[in-house]
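Beneath this line is the structure, given in structure tokens, with notes to follow.
The values are calculated or read from the model by the stated rules, or taken from the named source; none is laboratory data. Keep in mind the model is a prediction, meaning the values are calculated, not measured. Counting neighbours? That spans all protein chains shown, and the Cβs are built from the backbone with ideal geometry, glycine included. Remember, those area values only see protein heavy atoms, side chains included, never the ligands or the DNA or RNA. Shrake-Rupley method; radii C 1.70, N 1.55, O 1.52, S 1.80 Å.
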Amino acid sequence: MSEDAPPFQTQDHDSLTIPLLSHQQRSINSTSQVAIVGANVCPIESLDYEIAENDFFKQDWRARGKVQIFQYIFMKWLLCFLIGGFVSLVGFFNNLAVENIAGVKFVITSNMMLAQSYWMAFLVFSLSNLALTLFAAIITAFISPAAAGSGIPEVKAYLNGVDAPGILSIRTLIVKIVGSIAAVSSSLLVGKAGPMVHTGSCIAALFGQGGSRRYGLTWKWLRFFKNDRDRRDLVTCGSAAGIAAAFRAPVGGVLFALEEMASWWRSALLWRAFFTTAVVAIILRALIDVCLSGKCGLFGKGGLIMFDVYSANVSYHLADVPPVLALGVIGGILGSFYNFLLVKVLKVYNLVNEKGTFYKIFIACTISIFTSCLLFGLPWLVSCQSCPSDASEDCPTIGRSGNYKKFQCPPGHYNDLASLIFNTNDDAIRNLFSKNTDSEFQLSTMLIFFVTCFTLSIFSYGIVAPAGLFVPVIVTGASYGRFIGMLIGSSGNLSHGLYAVLGAASFLGGSMRMTVSLCVIILELTNNLLLLPLIMVVLLVSKTVADAFNGNVYDLIMKGKGFPYLETHAEPYMRQLTVADVVSGPLQLCHGIEKVGNIVHILKTTMHHGFPVIDESPDSESPVLYGLILRAHLIALLKKKAFLCTPVLLGADAFRHFSSDDFAKKGLGNVDKIEDIELTDEEMEMFLDLHPFTNASPYTVVETMSLAKALILFREVGLRHLLVIPKISSRAPVVGILTRHDFMPEHILGLHPSLVRSRWKRLRFQFPRLLKIF
């Protein structure tokens, strides 16, 4: 939040201490402090990743012995094990439910098609899809709107320090699980990988709440985790476990959390994330073995994506490199265009969603009906294929899944487009990736399927239901990859299935802009290390091409939602500014010993979350900065009512009146408010000694520091407040406080419009050819 700001700048001191653009009055930071969380607009806060090193904190840690340190370390590993176990069970249950629900729907529809009851088959297919979509939309809109979408942008923003209400609550978790099952089963072109990342993060956040008094979970060992720093590490492990459970790719999950999700990383966190994903892989392997014995209904061959689908030996030569490079270029162009269209569609959906819940559900139902009509009608446009004599399975396929769906074809023939459409997304990818199937699909079928997937995945993502992008992007990329392979034909050494794998990689790289994690995930999916060089080349080329047009899809969605995400790099114009050029006013101060009435007035009249604490110094005419105290700590002090009748130091009595639990981070959704505290007139005239509870060593920067350096410090340390102090000691002890909103381009360029013109001129000079394209 933009909690604090500096006073009006004066111009009467030496010009060497005056910031570059400080000759103007400071204005209040007017950047948006709300964001679209899921499908609702909500106020957002920042997280306290910095440790408040006050006297109380130091005394609490000095009192801990070796036993408490062992408890802390042991509980970290135990919670990682529990996170991995629960996420693997949820992932397995999701796949089991989707395969059985969608399987029953496809079997009934297929049986009616075999009986030539085409209109009844369409009615059953469309109504079942509508019912599932309507169910997912209703529970999302009315129970937890934060569960809409994939959840990856929200979790990524959380790990960057943005706290949005409800994104990791137990209601969001339940709706995410149930809604994702319904949405994926409804034949919408949405995935379950993104929701699994959000699900894993929710489970981790719930474990990291440090217990619950409501449910009697007050074990002392859990109290170590009542802070944002440890919860951040657990949520990072949960996001890695989500990818591991979605694709059964443990190493890919760790790399995904490192490359895409986490803003802060260290070796200890790497070990715990790897341990968490290893637990996921082991438990999933055991559960899959149970299902292979036929004890999971229609679930067995399907689910958990496409393992061992391309285990054939791969041989390629130098002549195969140009088509692979071309595939990467096409993937980069298509991926950036996909991101562009997706953002435009999401803007339209947001405008409609603002009108109310009915319109949100109406859009979801409209997309479902449109999807059902398209999926059922398109197979009629392609011609039937004769069943191959050397087919590896029955042709035509009877039942839930298979490569040879009969649809409306005569005996001995199959509809290749229906074989892709009337399957789950997992089975469709398996069919596209499968080996020895170069003659299975027609060229027109691949083109129709690519356009359909490309279009439906864009329009399906923004509805008010849990929906991921990973699997739709893989399906879309695999379809155009196989299409290009069919165009090349026998002139190359690569099979059509391998082109589908490379097409999926190129589209993932062009849309999501990840390299290392995607490479490992695809290798773990296909179970073939021989594909490594080709996949690396495709990902590098597609990412490089796409970066020339726009950002990765999750960053664009975050920006569209309004999350104040801090990038890893500073914009060039930030080096032209100092920190004093962007801090805004007015600034609120507290004295070391403050009257209770003054504290209540400050808390009720401002929404700031950090307040500088100053003391009068006998050696200086101006007050000196003692430290920074948080709003939550002030409310805790008022709630405890340990007031003083006279303005004297509290001293050692502070440790008798308070415990560490009084200042611990509350659980999800539990925040004390100043309005809930009732004080008498007599108490309002009493005093509070803030010294023992003030962070006496907050991060500070001098007012002449460049904004670019301040941004790097702010992000790398994970700060919520950064105090700006004057260069001349005779002035006020604090110039202002920088928060993440002060680093947002909207705020900076709003204060200094001249930078907008210089920024545009620089872009025109650097990218003239790119601008001509647009």
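Overview of values
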quantity	calculated
271, 265, 119, ranked by accessible area, largest first (probe 1.4 Å)	119, 271, 265
Hits among aspartates and glutamates - C-alpha to C-alpha of residue 176 under 16 Å, sequence gap 8 or more where chains match	154
No Cys partner within the rule (Cβ under 4.7 Å), the chain	42, 80, 202, 237, 365, 373, 453, 519, 590, 645
Sequence ranges 250-261, 511-522, 431-442, 144-155, ranked by mean other-Cβ count within 10 angstrom, highest first	144-155, 250-261, 511-522, 431-442
For the chain, size of Cβ-based charge dipole, Lys and Arg +1, Asp and Glu -1, in debye	1320 debye
Cβ-based net charge around residue 496, under 13 Å, with every Lys or Arg adding one and every Asp or Glu removing one	-1
Extension gain from residue 341 to residue 700, taking 0.36 nm per residue of separation minus the Cα-Cα distance	125.0 nm
Compactness index (Cα Rg / 2.2 N^0.38 Å), the range 342-480	1.18
Positive-end residue of 422, 511, 680, charge dipole of the chain with Cβ unit charges	422
Scattering curve values for the range 492-615, log₁₀ I(q)/I(0), Debye with Cα scatterers, q = 0.14, 0.16 Å⁻¹	-0.78, -0.90
Accessible-area ranking of 76, 156, largest first, probe 1.4 Å	76, 156
Ellipsoid semi-axes in whole angstrom, largest first, where each is sqrt(5λ) of the Cα gyration tensor of the range 455-554	23, 16, 14
Spin-label model distance (nm) - residue 115 vs residue 380, 7 Å beyond Cα toward Cβ	2.0 nm
Within straight-line cross-link reach of residue 226, lysines at Cα separation under 22 Å, skipping those fewer than 8 residues along the same chain	58, 66, 76, 156, 639, 640, 665, 666, 673
The chain: calculated mean residue ellipticity at 222 nm from DSSP helix runs of at least 4, using -39500 (n - 2.57)	-17000 deg cm²/dmol
Ordering of 450-457, 372-379, 130-137 by burial proxy (mean other Cβ atoms within 10 Å per residue, highest first)	130-137, 450-457, 372-379
Spherically averaged projected area in nm², based on the convex hull that wraps the Cα atoms of the range 568-657	9.3 nm²
Whichever lysines have a C-alpha closer than 30 Å to that of residue 405, once near sequence neighbours (fewer than 8 apart) are set aside	105, 192, 295, 301, 435
Ranked order, 190, 648 - accessible area, probe 1.4 Å, largest first	648, 190
About the Cα centre, charge dipole magnitude for the range 429-565 (Lys/Arg +1, Asp/Glu -1 at Cβ), debye	180 debye
